[in-house]
Structures are given as C-alpha cells and as structure tokens.
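Let me begin by presenting the structure, written as structure tokens, before commenting on it.
The values are calculated or read from the model by the stated rules, or taken from the named source; none is laboratory data. Predicted model only: the values in this text are computed from it and were never measured. No Cβ is skipped: glycine too gets one built from the backbone with ideal geometry, and neighbour counts run over all protein chains shown. Only protein heavy atoms, including side chains, enter the accessible area calculation; ligands, DNA and RNA are left aside. Shrake-Rupley method; radii C 1.70, N 1.55, O 1.52, S 1.80 Å.
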Amino acid sequence: MVSTSPPRHAVVVEDDADIRGLLVLVLEQLDFVVTEAPDGLSGVEAVRRTNAELVTLDINLPDIDGMEVCRRLREFSDAYILMLTARADEIDRLNGLDTGADDYINKPFSPRELQARIRALFRRARTPASPAEDPRQVDELERAAVVQQSLLPRETVRLEGYDVAGAFRPTRSVGGDFYDWYQTRDGMHLTFADAMGKGMGAALIAATVRAVMRSVADTPAIADAFASASLTIASDLDQSGSFATMFHARLDSASGKLSYIDAGHGLALHIPAEGTAQRLISAGPPVGILDGQHWPASELELEPGDSLVIVSDGVLDAHESLEDFVRNVEKAARTGPTSDDVCAALLELAPAATAGDDVTAVVVRRKPDATH
C-alpha cells in the first residue's frame, strides 16, 4: 500500500459568495480540503470542528468582525490566519496582525499573490518526504513537459527600437506556465498565462489558451478580442474545474503605446527609465472563475528606456513579501544590459534548487535611443 500525506484543511470566512467561491478554488488548487463560512461565528465553529491549518478571514463580516474572530480563534487554534481587507489604512492592518493574524492581503487580490502568501506561511512547517514516484506519473509529466515546451514561441521578435526576450525554466511537477508572442504589421502581440494545476491537464489547457488567443489576433479592439477568446477558453476550463490567469498585450511599436488586459495575473511591472516601478493591477479575476465576466483594457506608453517585465508566480514565491518582490524585479530590470540578461537575472531570483514551481519571465524593453 502506498502511503499518502494526510489532507490539509482550510476554512474560508467570507460573506461575499463570489469572493468565497474564488478563495475556495484557489485553496483547492493548493490541495486543501476547504470548508466555507459566510459569517464569523460559523467560521469559528468550522475551525474548531475541522482543526484547520489555514484560515482566510475577511475583516468585514455580518455578525462579528474579523478582528474578534481572530481573537477567538487564537484561544484554541494555531492555524495560519490570512486576513483579507478592503480597508487601506495602516492601522487596520497592524491591528489585524496584533490580534494574532499571520499576514494580510488587500482586496481586490490576485490569486497568484494569495497562493504565494500561503506558500510562504507554510514554509515555516517541515515539508514531509515525498513518496516513491509512480512510473506512470513520471511518464505523464515527461509528456506534459514536451507539450509545455512546444507552446513557447519559436520566432524571435525583431522590432526596430525594441529588445524583446523570454525565458522559461520548468520544474519536475510541470505547471501551466507559458508565454507567446508574434509580430504584427504595427508591432507585436504578447500573451503570458498560467493554467492552474499540474501535469498533462494544465499543459493541455495552456495549449488551448495559446491557440484561442492566436485565433483572435485579427480582432481590432483588444477588449473585444479578449472577451471572445475568454468565452471559448472558459468552456474548457469549466469542464476541467480549473481556471487560468492571463496577461495579454498589444504593442504599437511606432508610438510605444501598449494596450493590455490583466485577468488575475498581477505580476506585470512597468519600469520607467526614470522613476519608480509600477505594478500593473489586474482588471478582474482569472478566466474561468465567474460567468459573464468583463475585463476592461488599460494602456501605458513605453518611453525610450522603459521596460515591461512579466514574471510567473514562481518568482513571487521566492520572496517573503510583495515589496521585496517588486524591489528585486526592478533591480534586475535596471541592471541587465539586454533583455536576455534581465530574463536570466529574473530566473535567478528563484533558484532552481529551491523553486517549487515553473519560473517564467518576459521582458519588452524600448531602447534608450528610440525616437517617436
């Protein structure tokens, strides 16, 4: 008989049904058995009943607030508590941590960031030894790795005034990371995505995403193209019970105008030649989470010397905080003389010896001597 690790239990304490459903999906992808609680009192009881190891806790609840829930939980539970809040002031955050919470995250949140925070919390615990590998599973992962590698673009982008590069380093578990690009008459299109899950299932979803996004390349408006593609992708995701985070962009090389849509990815940064790096905020949840979702497009202008940097959550996982992540990505982007060098430096932020997930990076840099 092959022994398996006991399941990890999590409790989601959240009164908003849509957000609660998203949290459940994110935690189930991390192999938690999840119990839902729509209010504070039922949340306390659920933690007591399941002996949960993780609690996601909304501050604003219909009965008792999250602060009080946290205090009550700490009377009997040593579960990791991750508080979710839409309040921006620092006092609420500090109060949450003072009552016994282990971390907090602001709404709206990126599923990638949430998973990275949870992984960081559980690094404190000793990782159990892995059971002996099943040869059939090894074979599936090898085949999934071939599919995943085949999704990466074979052509090099050669845009006058730009330096574009990408890099990908898989792990043995094989996730759903991929990036794709191709030149157009006016510049280039770029897609960066991560299908949730591991193995062949995630690789096949990633292949579907790539094919569908290429099929809408001729749709003039990026928002219309993404809306059409997401409907097709969502049907496949619904059948597999999965979802995909995506960043899709179109660059007009002459003007430097970049139109983009971020669906739950949240790990793209605009790094100007002068000034502070800005993280591009998600326009909505991942594809496959909610029916009828609309993702508005945003724009920025890449001035000479500016860079667009997109990384996977494998890079975020290697950092203890989002602030450290942004600082180190910006440092890597400003240090490398070429986009290839920057990609190599970004992968080094998540060393292969310790990385638990695929690590992927794409850099689009407008050369300093570019002119309008």
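Work out, step by step, the length gained on full extension between Asp340 and Ser235: first 0.36 nm times the residue separation, then minus their alpha carbon distance; give nm to one decimal.
Details: separation 105, 0.36 × 105 = 37.80 nm, distance 3.61 nm.
Extra length available between Asp340 and Ser235 comes to 34.2 nm.
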key: Shape parameters for the range 161-292, alpha-carbon atoms, Rg then Dmax in Å   = 15.0, 46
message = Assuming 0.36 nm per residue, please report the length gained on full extension of the stretch Asp15 to Asn60 beyond their Cα-Cα distance.
response = 15.4 nm
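In percent, what relative contact order does the range 267-372 have, based on Cα pairs under 8 Å that are 6 or more apart in sequence? All intermediate terms of the calculation are to be shown ahead of the outcome.
Working: 144 pairs, mean separation 35.0, N = 106.
Across the range 267-372, relative contact order equals 33 percent.
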message = Students often get this wrong: which residues of the range 19-50 have the backbone nitrogen under 19 Å from the point 7 angstrom along Cα-to-C-beta of Arg119?
response = 23-33
remark   = Counting only DSSP beta bridges fully inside the range 190-304, the antiparallel percentage to nearest 5 is 90 percent
Förster radius 45 Å - calculated FRET efficiency between Ala211 and Val33 (Cβ-Cβ, nearest 0.05) = 0.85
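Order Ile281, Ile19, most accessible first, counting only protein heavy atoms with a 1.4 angstrom probe.
Details: Ile281 110, Ile19 45 Å².
My answer, sorted largest first, is Ile281, Ile19.
Averaged per residue, what accessible surface does the range 283-325 expose to a 1.4 Å probe, in Å²? Numbers along the way, then the final one.
Details: 1620 Å² over 43 residues.
Solvent-accessible surface per residue comes out at 38 Å².
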remark   = With the 8 Å Cα cutoff and a minimum separation of six or more residues, the range 11-57 has a relative contact order in percent of 52 percent
ask   = With each pseudo-label sitting 7 Å past Cα toward Cβ, what's the Glu303-Glu348 distance in nm, one decimal?
value = 2.9 nm
